[in-house]
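Beneath this line is the structure, given in structure tokens, with notes to follow.
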Amino acid sequence: MSRLFLGFDASTQSLTALVIDYDTRRIVYQHVLGFDSELPGYGTLHGVLPDPDPAIGHAPPLMWVEGLDRLLGRMRDDGVDLGALLSISGSGQQHGSVYLRPGAFAVFESLDASRPLAGQLGDIFSRPTSPLWTDSSTHDQCAEIRESLGGVTRTAEITGSDVFERFTASQIRKFAEEDPEAWEQTETVTLVSAFMASVLRGRLAPIDHGDGAGMNLMDIRRRSWHPGALAAASSGLSSRLPPLVAADQMVGRLHSYFAERHGLSNGLRLAAWSGDNPCSLIGVGLVEPGTAAISLGTSDTYFALMPELHTDPNGEGHVFIAPTGDPMSLICFRNGSLARERVRDTHGLDWQGFAAALRETPPGNDGKIMIPWFEPEIVPRGAVAGVRRFHGLREDDEAAECRAVVEAQLLAMRLHSQWVESSPAMLLATGGGSANPEILQVMADVFGCPVRRFETPNSAALGAALRAAHAFFRERGEDVAWGETVAGFTDPEPGSEIAPREAAVKVYDAMIETYARCEAAALAEG
Ligand code: XUL
């Protein structure tokens, strides 16, 4: 009999379920439930509630609950043997926070399995919308927290990152300031990942160290809540946070609702959920330092395991905790796939047309450079929304525009990952955008190293399923090494290796300085 494990990915735009057969080393099921298309009643666009203020990025947590219930129903209808699953884990978009009323979990004692979940959980929230990683509205709160923790460098040393708008501490502070009554009515603040685990459990689940590190509240070295950071965010916060736990731990058993309604086995073991970036690290097989990964998704991220913990003194990059227990570096760029899509759509192209434009244009784009901040950018700090064009790049020059957006994104990654202090010998590409070999060629040329791609764009969901397996064996006393857990699942696509081209590498080695100057000019312009 095959041993099956389920991983979810509660990402910004969709909820994915992915099942692995541990014995045949195969992904046996994947389904992506898109929030905009399949749950249109919530009115989201790309999974986020439209707001006249571009700095606001919220989503209704009830939508994720309904998505979970629907997705399990869909899996059952698709013939997945849900009763055979041995454990479940999940990945959540990082930083997003969920606010629960006192006694929120009392509802789970009387859930009716014949009725959908969302209709029964509507009243558990003290804040009906959750601020997400796309929210950049907490500038003032960030400044206050940073000051009380001793400035950029010190804050990064304590929590792994400088204070960021999208991180949870400043979001909590803003909520407590702006709506003190609702804050009073909040018994628990948790993250998307731990919230989804809590729903499956029917009781509050702990936050894992990986996602906890994205809050500006956890002491990155001790892996415990940092009292000074908690106090800087809001009074009364410590009693509202769940406990912290290592990502390889089991956190409880499945609530009977899911067994009765969808046919999962009663008391199924639930492994801790983690953030999407720590999960992706496992999903691309990055279980040892030396290689870095680039995920081309809604946001573009650059991440790697670190041999030892050191933080970015300039406060642009982050240190999180990987599911292996090692520190991991991460740099997040907000203008990822949406920026590429904006350029593609402006010129009425499909992805083939976009790829053709990259083929037609030379590395270095004849000197033309774009600063593609369609949305307020996270890195570099202080980047205000607005697209800037340099050295004769014209908006109507279709092919040059396509190359310019991709080159800018990858040059920015190279520039802003220098604090990590180790140039990768190999890059692994994942996420939807990695399906485009022309983009990966630019990646190989900009970084001057080979790039390999993965067949599954759902690396976070795969990582979650592999984490479910790892925690399951660990709990049974069979401490399977991570390398063995991921073997066969995370092998790069055969023949997918793209080698850097010497002449192009030279072009980008020279261009990085020019790009940095354009970026500085765009920043100065504000
Ligand atoms: C990382 C970040 C995003 C989110 C959503 O810091 O903000 O990558 O995790 O993917």
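The values are calculated or read from the model by the stated rules, or taken from the named source; none is laboratory data. For clarity, every value in this text was computed on a predicted model and none was experimentally measured. In this analysis, Cβ positions are derived from the backbone assuming ideal geometry, glycine residues included, and neighbour counts consider all displayed protein chains. The area values use the complete protein model at the heavy-atom level, side chains included, leaving out ligands, DNA and RNA. Shrake-Rupley method; radii C 1.70, N 1.55, O 1.52, S 1.80 Å.
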Counting just the residues of the range 1-11 that are open to solvent by 10 Å² or more (accessible area, probe 1.4 Å) and under 15 Å from Ser280 (Cβ atoms), which one comes out farthest from the ligand (Cβ to nearest atom)? Asp9
Every residue from the range 359-378 that is part of a loop (DSSP other than H, G, I, E, B) and away from the ligand (no atom under 16 Å from the Cβ): Thr361, Pro362, Pro363, Gly364, Lys368, Phe374
Is it the case that some residue within the range 119-131 is within 16 Å of the ligand (Cβ to nearest atom), in a loop (DSSP other than H, G, I, E, B), of a type outside the set (Gly, Ala, Ser) and open to solvent by less than 30 Å² (accessible area, probe 1.4 Å)? no
Kindly evaluate Leu39 against the criterion of being open to solvent by less than 20 Å² (accessible area, probe 1.4 Å), more than 19 Å from the chain's Cα centre (by Cα) and either farther than 24 Å from Ser170 by Cα or at pLDDT 95 or above (or both). yes
Condition check: on the phi > 0 side of the Ramachandran plot and in contact with a Phe, Trp or Tyr (Cβ under 7 Å, 6 or more places away or on another chain). Does Gly47 satisfy that? yes
Looking only at the range 209-229, decide whether some residue is surrounded by fewer than 24 Cβ atoms within 10 Å (Cβ to Cβ), aliphatic (A, V, I, L, M) and not in a loop (DSSP other than H, G, I, E, B). yes
Considering the range 12-36 alone, what residues qualify as being more than 16 Å from the ligand (Cβ to nearest atom), hydroxyl-bearing (Ser, Thr, Tyr) and buried (at least 21 other Cβ atoms within 10 Å of the Cβ)? Tyr22
Name the residues in the range 46-100 that are more than 20 Å from Phe125 (Cβ to Cβ), buried (at least 21 other Cβ atoms within 10 Å of the Cβ) and charged (D, E, K, R), would you? none
Among (1) assigned to a loop (DSSP other than H, G, I, E, B); (2) on the phi > 0 side of the Ramachandran plot; (3) of a type in the set (Gly, Ala, Ser), Ala247 falls short only on (2)
Take the conditions more than 16 Å from the ligand (Cβ to nearest atom), touching an Asp or Glu at 6+ places or on another chain (Cβ under 8 Å) and of a type in the set (S, T, N, Q) and apply them to Ser136. Does it pass? no
Condition test on Arg201, is it out of contact with any Asp or Glu (no Cβ under 7 Å at 6 or more places or on another chain), open to solvent by 10 Å² or more (accessible area, probe 1.4 Å) and within 19 Å of Ser87 (Cβ to Cβ)? yes
Can you tell me how many residues within the range 271-329 are touching a His at 6+ places or on another chain (Cβ under 6 Å), away from the ligand (no atom under 13 Å from the Cβ) and acidic (Asp, Glu)? 0
Residue pairs meeting the criteria (Cβ under 6 Å; at least 6 apart or on separate chains; first of a type in the set (Phe, Trp, Tyr), in the range 267-288; second within 13 Å of the ligand (Cβ to nearest atom) and at pLDDT 95 or above): Trp273/Gly92; Trp273/Ser193
What residue, of Ala232, Ala169, is within 16 Å of the ligand (Cβ to nearest atom), in contact with a helix residue (DSSP H, G or I) (Cβ under 9 Å, 6 or more places away or on another chain), open to solvent by less than 30 Å² (accessible area, probe 1.4 Å) and not in a loop (DSSP other than H, G, I, E, B)? Ala169
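This table checks each residue for (1) surrounded by fewer than 22 Cβ atoms within 10 Å (Cβ to Cβ); (2) at pLDDT 95 or above; (3) polar (S, T, N, Q).
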| position | (1), (2), (3) |
| --- | --- |
| Pro313 | yes, no, no |
| Pro323 | no, yes, no |
| Ile331 | no, yes, no |
| Ser337 | yes, no, yes |
| Val343 | no, yes, no |
| His347 | yes, yes, no |
| Gln352 | yes, yes, yes |
| Ala355 | yes, yes, no |
Breaking point among (1) surrounded by fewer than 21 Cβ atoms within 10 Å (Cβ to Cβ); (2) farther than 17 Å from Leu523 by Cβ, for Val384: (2)
Scanning the range 330-358 for residues that are in a loop (DSSP other than H, G, I, E, B) and within 16 Å of the ligand (Cβ to nearest atom), the one farthest from Ala383 (Cα to Cα) turns out to be Gly336
